[in-house]
Amino acid sequence: MYKQIETDKSFQWDNNDGSFDTPLATLADEWGGRAQITVDDHCYVILLRGRNGRYKQTAWIFPEAFDVLKTLPSLARG
């Protein structure tokens with residue numbers, strides 16, 4: 001089960017350029033799984049850490065991430 005922990009300073013995207021980003025929240029589970037919540041294109045994005053240590057977007061909003069998302073401010077429109 002994921003739990004919110006102290007937010008990491010940065011994480012690396014699993015994309016072509018391997019760019020780094022700053023998360024708004026970090027979650028971890030008891031098996032070493034790790035998730036980051038960040039903003040991309042004016043939307044909240046949930047990313048999961050892969051075996052290579054980089055993070056890839058997920059289309060699934062799991063309950064623990066949903067609870068954290070509810071604590072974040074609404075994103076400005078426009």
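For the list (1) among the aromatic types (Phe, Trp, Tyr); (2) assigned to a loop (DSSP other than H, G, I, E, B); (3) touching a residue at least 24 places away in the same chain (Cβ under 8 Å), I need the number of the one condition that TRP60 fails.
Unmet condition: (3).
Would you mind listing the strands (runs of 3 or more DSSP E) fully within segment 4-49 where at least 1 residues are among the polar types (S, T, N, Q)?
In segment 4-49, 25-28, 34-40 are the strands (runs of 3 or more DSSP E) which contain 1 or more residues that are among the polar types (S, T, N, Q).
Return the only residue of ASP29, ASP41, ASP14 being closer than 22 Å to ARG77 by Cα and among the acidic types (Asp, Glu).
So the residue among ASP29, ASP41, ASP14 that is closer than 22 Å to ARG77 by Cα and among the acidic types (Asp, Glu) is ASP41.
Each reported figure results from applying straightforward, stated rules to the coordinates on display, with no laboratory input. Since this is a predicted model, take the numbers as computed values, not measurements. Methodologically, a virtual Cβ is constructed for each residue, glycine included, from the backbone with ideal geometry; neighbour enumeration extends over all protein chains shown.
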